[in-house]
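Quick notes on the structure that follows.
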Amino acid sequence: MQVTHAIADPAAMLQLQGSAGNAAATALLARAVGSPARRSALRGSVPSDTSAATANRGVLIVGAPLDEGLSPESSPAEPEVLTSEEPTASTGGQPTSTPADGGAPAPATPTNAGSPSPATPTNAGSPSPATPTNAGSPSPATPADAGAPVPATPKVAHVVMMAPSGSELWWFDGGNPGGYPSQQPLQATAAGTPGTFRWRVVRGASFADFGGSAAATGPTVSLVSKAPSAALRDVAVVVDFTGSDGSTGTASFSFTVRAPHHMTRLGTETTNNAPTSYSTLVSYSIQDQFATTLPRNVPINEKWDVKPPKADFAGTNWPSFPLLEGSAIVNPAKWSDEVTMSTSTPTLMIPPILASGGVLVESFPGHWQVGQSATGAGHRVLDVTWQFFQDRGAHA
Amino acid sequence: MPDGGSSGAPLPAVDIGSVLGAAEVVVAGTVGPPVAIDVSVSRLHARADARYDEAVGSKLAILRTLKGDARAATIDVATLRGRVPGRPWAPLRDGQCLVLFLHSVAPPLWAPVMPEAPALRTLPRLRAPTAAEPLRALASELEQVVERADTGEQAGILVEAALARAGTGLPVDLAAIERPAFAEHLRRAAWLAIALAAGQTEALAPLIPLFATTNPTIEPVLALLVPAVSELRDPSGFANLLALTTSGCEDMAWAAAYALRHIDHPRAAAELVGLLESPSQRVRYQAVMGLAEREPNLIDGGPAVQRYGEDEARYVGPWREWWHSRCAAASP
């Protein structure tokens with residue numbers, strides 16, 4: 001028998017869900033879909049936070065009996081039960097989930113393989129809600145059982161899972177920029193009952209695990225990112241509890257591993273001071289794999305793949321080698337790369353800097369990496385060719 | 001042989017308020033001819049290296065003092081210049097008009113607080129600022145640049161001033177766009193961008209006609225407008241954002257859809273479902289993700305960009321079905 005109670009901070013973009021393949025959990029998820037209160041609360045849970053404070057918010061994952069909070073009448077301002085697993089004696093306290101997958105997130109209900117599946121409340125075989133009315137008490141013996149050992153009703157443990165530092169998980173290909181946690185401590189308790197906590201990543205172990213293993217034991221573990229998620233909430237973590245008094249319980253939780261993925265060109269602006277100089281600002285924003293702009297400042301660096309630049313204008317004497325690749329901590333909502341050319345002796349420039357028009361003089365390919373300041377470190381997100389025209393700079 | 005030039009270097013995030021706070025003196029002025037200076041490059045920036053960089057002196061004629069006491073009509077300013085290409089410094093150039101955030105390095109010598117960031121170019125002969133408080137005075141100075149800059153030759157200056165003005169976070173007087181100068185689309189768009197960056201959601205309404213079709217004249221300010229719109233979270237802007245999702249400028253349509261994805265509004269789910277029919281895939285993706293973030297129980301309903309692009313129908317269809325079933329369930 002297992003019971004999961006789950007409450008999540010709705011502002012922390014977490015979702016609790018049952019173990020993959022657990023029909024009871026799926027049924028309850030469907031109930032949550034239909035709940036107006038549920039929808040209302042979740043509107044505040046979209047990953048739009050732009051404050052470091054939100055990232056550091058602890059998350060309480062468990063806590064209330066099953067039928068509390070799923071009611072449409074529940075207040076969005078109160079902690080909300082997101083999902084729960086029904087007590088199922090047949091599982092003997094172990095979730096019916098499949099082991100961690102090999103990389104692709106699997107639908108929890110594989111009724112429509114390959115497509116997103118709305119959870120339906122009609123799951124055949126869904127166990128009836130079981131509120132153990134005699135938990136902890138031996139069942140009265142019947143005459144037929146006389147003389148035989150009477151199996152005691154398993155005790156229900158109220159398992160609480162917590163993410164005290166928040167639920168964000170990021171992956172920067174080895175980078176670990178400040179404010180972007182690449183691992184999160186998870187804690188579990190069972191109302192003080194001594195026992196054993198066994199943790200498993202039951203889905204998405206290719207995206208995050210417990211530092212090299214999809215399983216761990218103990219009241220506290222650390223979930224570590226390994227690769228970018230392929231879909232929202234595709235890392236499912238389950239903790240099973242076995243108490244020294246025989247009680248059992250479990251809780252599950254889903255995470256998303258975010259990573260910088262692409263940059264969006266916002267615009268190009270040139271200030272031309274011909275014949276001595278020009279300065280072009282090429283502006284971008286930085287998004288993760290779900291097209292969400294990264295929430296806080298982040299280090300980036302440029303790496304030039306070809307040195308010296310290619311002379312596109314035969315006979316040019318413009319600077320032929322870039323010495324220092326740049327890096328900076330930028331605002332991912334808008335940052336700019338400055339492409340400049342200047343001289344104090346314009347008459348010697350071949351060809352000259354022009355106020356407008358002219359040809360491409362030199363160029364070189366390279367790329368941008370996000371998450372570290374060191375050149376060539378971090379996650380590669382954009383390939384560009386730096387171009388120096390007579391009147392402006394550009395990215396191609 | 002040319003002595004200058006550099007390649008791409010990312011500009012650091014600039015918080016105008018912090019820069020202003022770190023500056024002992026903030027002046028608007030015009031750069032004059034070079035002057036001899038004797039200062040170690042390491043005093044100007046931690047990454048400066050005497051092997052590759054040199055300190056360059058400039059005499060600055062002060063037009064306006066926005067903070068502190070410059071103590072003279074002209075001051076000597078030290079900046080860095082690379083001896084070789086590729087160094088990130090942006091030296092001052094004779095004749096430039098600037099707003100400079102300065103700190104003392106060796107009195108009476110001053111240096112920019114952030115030598116790697118381009119100085120703020122402004123126009124000469126500005127009216128005196130009307131407010132005494134430094135940030136307000138700076139904002140006033142920059143507003144005048146936006147209002148007076150030539151939108152042709154000085155479009156870059158206008159945009160740069162608008163960007164810096166937006167960085168102050170102070171609201172602007174939206175009624176100003178009724179003045180004749182704001183009939184020019186670029187200036188009007190820049191003003192609205194400043195307002196939106198300051199959270200003035202009412203600036204969305206006058207933005208809609210500007211973006212009804214592709215408008216090349218306001219392209220220089222898109223880099224300011226798009227993030228400003230996309231970061232709006234005020235539910236009162238919901239209807240206007242929805243109107244902007246049909247903009248002929250796809251960047252603006254995307255920005256509006258991105259904001260709608262994240263806004264808490266009673267009609268959010270219904271309107272996001274409507275955006276699934278947008279002609280722009282970028283808008284449709286934002287709609288899918290907005291729904292997935294609101295309704296996490298549609299399994300695998302929130303794919304990463306790459307997966308979505310590989311098989312869009314796989315993700316859009318189930319959300320349409322989900323909505324139809326929701327509507328059917330709600331019908332008596």
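The numbers here are math on the coordinates, done by the rules we state, and not lab data. Not measured: the values here are computed from a predicted model. Cβ sites come from the backbone with ideal geometry, for glycine too, and all protein chains shown count toward neighbours.
Things worth noting here:
- Ordering of A:163-175, B:59-71 by packing [mean C-beta count within 10 Å, highest first]: A:163-175, B:59-71
- For the stretch A:283-331 and the stretch A:332-396, distance of Cα centres in Å: 7
- Residue by residue, the stretch B:268-285 carries 3J(HN,Hα) couplings of 4, 4, 4, 6, 5, 4, x, 6, 4, 9, 4, x, 9, 5, 5, 5, 4, 5 Hz when phi is fed to the Karplus relation 6.51 cos²θ - 1.76 cosθ + 1.60 (θ = phi - 60°); x denotes Gly or Pro.
- Order of B:236, B:140, A:254 under a 10 Å beta carbon neighbour criterion, fewest first: B:236, B:140, A:254
- The length gained by stretching the chain between residue B:330 and residue B:175 to full extension, at 0.36 nm per residue less their Cα-Cα distance, is 51.4 nm.
- Shielding value for B:226-233 is 4, the average number of Cβ atoms from other chains within 10 Å of each residue's Cβ.
- Of the three principal axes defined by the Cα atoms of the stretch B:152-307, the extents in descending order read 52, 26, 23 Å.
- The phi-based Karplus calculation (6.51 cos²θ - 1.76 cosθ + 1.60; θ = phi - 60°) puts the 3J(HN,Hα) values of the stretch B:190-199 at 4, 5, 5, 5, 4, 4, 5, 4, 8, x Hz, whole numbers, x for Gly and Pro.
- Shielding of peptide A:325-332 by partners, expressed as the average count of other chain Cβ atoms within 10 Å per residue Cβ, is 6.
- On full extension, the segment bounded by residue A:274 and residue A:306 gains 8.8 nm, given 0.36 nm per residue less the C-alpha separation.
- Around the amide H of residue A:195, modelled in the peptide plane, lie the amide H atoms of A:244, all under 5 Å away and 5 or more residues distant in sequence or on another chain.
- Estimated dipole of the stretch A:205-328 in Debye, rounded to 20 [Cβ of Lys and Arg +1, of Asp and Glu -1, Cα centre]: 260
- For residues of B:258-267, the mean tally of beta carbons on other chains within 10 Å: 4
- √(5λ) per eigenvalue of the Cα gyration tensor, chain B, largest first, Å: 46, 23, 16
- Long-range amide H partners of residue A:172 with built H, under 5 Å: none
- Translational diffusion coefficient (Stokes-Einstein; Kirkwood radius from C-alpha pairs) of the stretch A:271-396 at 4 °C, 1.567 mPa s, in µm²/s: 84
- Ordering of B:44-52, A:197-205 by burial proxy (mean other Cβ atoms within 10 Å per residue, highest first): A:197-205, B:44-52
- Inter-label distance, nm, simple model (7 Å from Cα along the C-beta direction), residue B:234/residue A:215: 5.5
- Loop GluC sites (Glu not before Pro), the stretch B:201-277 (other Cβ atoms within 10 Å of the site Cβ: 16 or fewer; DSSP): B:277
- Options B:302, B:217, B:286, ranked by Cα towards positive dipole end of the stretch B:201-332, top entry (Cβ charges): B:302
- Taking amide H positions as modeled 1.01 Å from N, with prolines and chain starts lacking one, the residues under 5 Å from residue A:236 and 5 or more places away or on another chain are A:202, A:203, A:204, A:255.
- Given charges at beta-carbon only (K, R positive; D, E negative), |dipole| of the stretch A:259-396 in Debye: 160
- Set of lysines near residue B:67 by C-alpha distance (under 21 Å), chain-local residues within fewer than 8 positions excluded: B:59
- Separation between Cα centres of the stretch A:160-193 and the stretch A:211-280, rounded to whole Å: 10
- Rounded to whole Hz, the Karplus (6.51, -1.76, 1.60) HN-Hα couplings of the stretch B:41-46, x for glycine and proline: 4, 5, 7, 9, 6, 4
- Cα-Cα separations in the stretch B:226-332 greater than 19 Å, expressed as whole percent: 40
- Estimated FRET transfer efficiency when R0 is 56 angstrom, pair residue B:18-residue B:208 (beta carbons, to 0.05): 0.95
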